[in-house]
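In what follows, a structure is listed as structure tokens, so that the remarks can point back to it.
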Amino acid sequence: MQIHTVRRGDSLWELSQQFGVTLEQLYAANGITAQSPLVIGQAIIIPTPGDGTTHRVLAGESLWKIGQRYGVSIQALLEANNLTNPALIYPGMTLTIPRAPKPVIEVNAYTENFSPAGVDLVHEVGPYLTYLSPFSYRVQANGNLTSLDDSAVIAAAYEHRAAPMMVITNFENGTFSSEIGHAVLTDQGAQTNLINNITSVMRQKGYLALNVDFEYLMPGDREAYNSFLQRLVDTLRPLGHLVSTAVAPKISATQTGTLYEAHDYAAHGRIVDFVVLMTYEWGWSGGPPRAVAPINEVVKVLNYAITVIPPEKIMMGMPLYGYDWTLPYVQGGRWAPTVSPKAAVERAAQYNAAIQYDEEGQSPHYTYYDEEGREHIVWFEDARSVQAKFDIVKGYKLRGVSYWKLGVAFPQNWYVLNENFTIKKLV
């Protein structure tokens with residue numbers, strides 16, 4: 001796979017000829033059609049024909065040395081070239097170099113869409129998922145749970161061997177409730193009721209894992225939260241269930257703020273099976289325009305996280321969306337609507353805007369003027385930005401990635417994900 005940045009004068013036909021791929025391959029990799037306009041600065045995936053490359057043997061080279069150069073084993077080279085003896089190579093011989101095995105990772109995706117269209121989404125991306133996380137079962141102060149009409153998406157997940165992961169939150173009336181969190185973390189009766197309700201739902205619905213997303217907890221509830229997580233693990237692990245948490249993107253243990261203080265990275269890394277870092281929403285709907293998940297900010301979080309959480313327990317959060325801000329930005333003014341990466345490119349084409357790429361944040365963006373003369377700025381994700389994130393996952397040897405959330409069109413993401421990794425299946 002290559003990623004080509006569109007230049008003035010490019011056409012899909014010319015790109016297909018230049019790179020030796022068919023138009024159908026370009027359409028499939030990028031989720032586009034013959035009618036899709038190209039935009040200057042747009043990222044286009046170019047599928048690479050074949051599964052490997054070739055090497056012409058030089059004098060003095062051994063099969064071991066060639067294998068080291070390309071990162072493949074002697075056995076893989078023997079099998080790819082129908083050889084029985086590593087010594088039977090000679091200068092000038094052309095060897096087929098098999099593609100190196102892709103790293104194996106876990107992939108989670110949250111979904112809030114339980115309609116037939118939401119089920120179709122699960123069928124569409126289920127092959128790329130280790131876990132599907134319906135969002136969410138809302139915890140009440142007495143430990144009861146709100147119900148969720150999630151049976152259809154769970155059934156769809158199982159069809160694609162994606163493990164359903166139950167999500168519990170302290171979400172109420174459009175926000176996360178510190179008071180609900182405090183009630184269940186400090187009242188042992190409510191907590192016992194909650195744990196019993198969780199185990200009951202997991203058994204009835206077929207959930208294989210649990211994700212605890214308690215946000216904006218009171219700082220004083222930090223140790224109570226840790227103790228609750230330990231109780232969950234002690235209860236669920238013997239039943240064969242995994243337990244995970246979603247945590248705010250911290251860059252130090254002493255970071256202040258209600259969003260951060262009760263999330264004890266070291267304790268979570270020790271207690272639960274894995275941790276989802278919510279490494280997105282630097283640019284958010286109600287805030288000033290910027291990249292949703294700038295790589296320079298994500299790396300700051302990871303650089304702290306890996307000092308207290310084993311990398312094999314870390315799932316890096318990734319967004320599947322962008323935002324379109326109307327300028328000038330006014331704090332407390334109109335919130336920016338979400339835009340899918342596919343729609344962002346189509347909007348750039350509609351308003352004849354050239355897409356720029358921020359190298360520091362590894363994120364695409366552009367500005368345009370609407371029909372009423374108002375200036376807009378759009379920050380979104382594309383093949384380049386997700387490839388940059390996948391390179392980080394490989395470099396840090398993380399457990400995998402977690403997407404917030406299914407529901408917007410981003411076909412390039414799934415193609416690039418599949419090209420970089422083998423997705424682990426637990427079902």
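The values are calculated or read from the model by the stated rules, or taken from the named source; none is laboratory data. As the structure is a computational prediction, the values presented were derived from the model and not from experiment. Counting neighbours? That spans all protein chains shown, and the Cβs are built from the backbone with ideal geometry, glycine included.
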Filtered residue count, the range 347-369, keeping only those that are touching a residue at least 24 places away in the same chain (Cβ under 8 Å) and either farther than 19 Å from ILE3 by Cβ or touching a Cys at 6+ places or on another chain (Cβ under 6 Å) (or both):
3
Considering each of GLU172, GLU124 in turn, give the residue that is assigned by TED's automatic domain parsing to the domain that holds ASN196, under 30 Å from LYS389 (Cβ atoms) and of a type in the set (D, E, K, R).
GLU124
Evaluate the following for ARG334: is it in contact with a strand residue (DSSP E or B) (Cβ under 9 Å, 6 or more places away or on another chain), without any contact (Cβ under 8 Å) to a residue 12 or more places away in the chain and within 29 Å of SER136 (Cβ to Cβ)?
yes
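Does ASN113 qualify as being part of a loop (DSSP other than H, G, I, E, B), modelled with pLDDT of 95 or more, on the phi < 0 side of the Ramachandran plot and in contact with a helix residue (DSSP H, G or I) (Cβ under 9 Å, 6 or more places away or on another chain)? Let's see the steps before the verdict.
Numbers: part of a loop (DSSP other than H, G, I, E, B): yes; modelled with pLDDT of 95 or more: yes; on the phi < 0 side of the Ramachandran plot: yes; in contact with a helix residue (DSSP H, G or I) (Cβ under 9 Å, 6 or more places away or on another chain): yes.
Here the answer is yes, as ASN113 does meet what is asked.
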Report, by residue number, each residue of the range 120-163 that is within 28 Å of GLN188 (Cβ to Cβ), part of a loop (DSSP other than H, G, I, E, B) and of a type in the set (A, V, I, L, M, F, W, C).
PHE135, ALA141, LEU148
Considering the range 388-402 alone, what residues qualify as being assigned to a loop (DSSP other than H, G, I, E, B) and buried (at least 18 other Cβ atoms within 10 Å of the Cβ)?
LEU398, ARG399
Test: residue in the range 126-146 that is over 30 Å from the mean Cα position of the chain (by Cα), closer than 30 Å to TYR280 by Cβ and among the aliphatic types (A, V, I, L, M)
yes
Suppose we filter ARG203, ARG222 for residues that are of a type in the set (Lys, Arg) and within 16 Å of GLU261 (Cβ to Cβ); which single one remains?
ARG222
Yes or no: the range 351-360 includes at least one residue that is under 19 Å from VAL301 (Cα atoms), out of contact with any Leu (no Cβ under 8 Å at 6 or more places or on another chain) and at pLDDT 95 or above.
yes
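Looking only at residues that are of a type in the set (Ser, Thr, Tyr) and touching a strand residue (DSSP E or B) at 6+ places or on another chain (Cβ under 7 Å) in the range 119-170, which one is surrounded by the most Cβ atoms within 10 Å (Cβ to Cβ)?
Checked the range 119-170; the qualifying residue surrounded by the most Cβ atoms within 10 Å (Cβ to Cβ) is SER133.
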Could you tell me which residue of the range 43-73 is nearest to GLU419 (Cα to Cα), considering only residues that are surrounded by fewer than 16 Cβ atoms within 10 Å (Cβ to Cβ) and aliphatic (A, V, I, L, M)?
LEU58
If we ask which residues in the range 234-255 are buried (at least 17 other Cβ atoms within 10 Å of the Cβ) and within 16 Å of ILE309 (Cβ to Cβ), their number turns out to be 9
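Being assigned to a helix (DSSP H, G or I), out of contact with any His (no Cβ under 8 Å at 6 or more places or on another chain) and among the basic types (Lys, Arg) is the requirement here; does ARG203 meet it?
yes
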Counting only residues that are over 17 Å from GLN230 (Cα atoms) and of a type in the set (A, V, I, L, M), the range 168-208 contains a total of 5
Answer from ILE423, ILE392 - the residue that is in contact with a Phe, Trp or Tyr (Cβ under 9 Å, 6 or more places away or on another chain) and on the phi < 0 side of the Ramachandran plot
ILE423
Going by what's in this entry, would GLN412 be described as surrounded by fewer than 24 Cβ atoms within 10 Å (Cβ to Cβ) and under 26 Å from ARG290 (Cβ atoms)?
no
What pairs come out if I take residues in the range 255-273 that are under 12 Å from LEU229 (Cβ atoms) and without any contact (Cβ under 8 Å) to a residue 60 or more places away in the chain and pair them with residues that are among the basic types (Lys, Arg) and surrounded by 19 or more Cβ atoms within 10 Å (Cβ to Cβ) whose C-beta lies under 7 Å away, six or more apart or interchain?
HIS263/LYS250
Residue check, TYR403 hydroxyl-bearing (Ser, Thr, Tyr) and without any contact (Cβ under 8 Å) to a residue 24 or more places away in the chain
no
Go over the candidates GLU312, GLU359, GLU346 one by one and state the one that is among the charged types (D, E, K, R), farther than 30 Å from THR254 by Cβ and either surrounded by fewer than 14 Cβ atoms within 10 Å (Cβ to Cβ) or touching a helix residue (DSSP H, G or I) at 6+ places or on another chain (Cβ under 8 Å) (or both).
GLU359
Can you pull out the residues in the range 176-198 that are over 18 Å from VAL247 (Cβ atoms) and under 27 Å from the mean Cα position of the chain (by Cα)?
ILE198
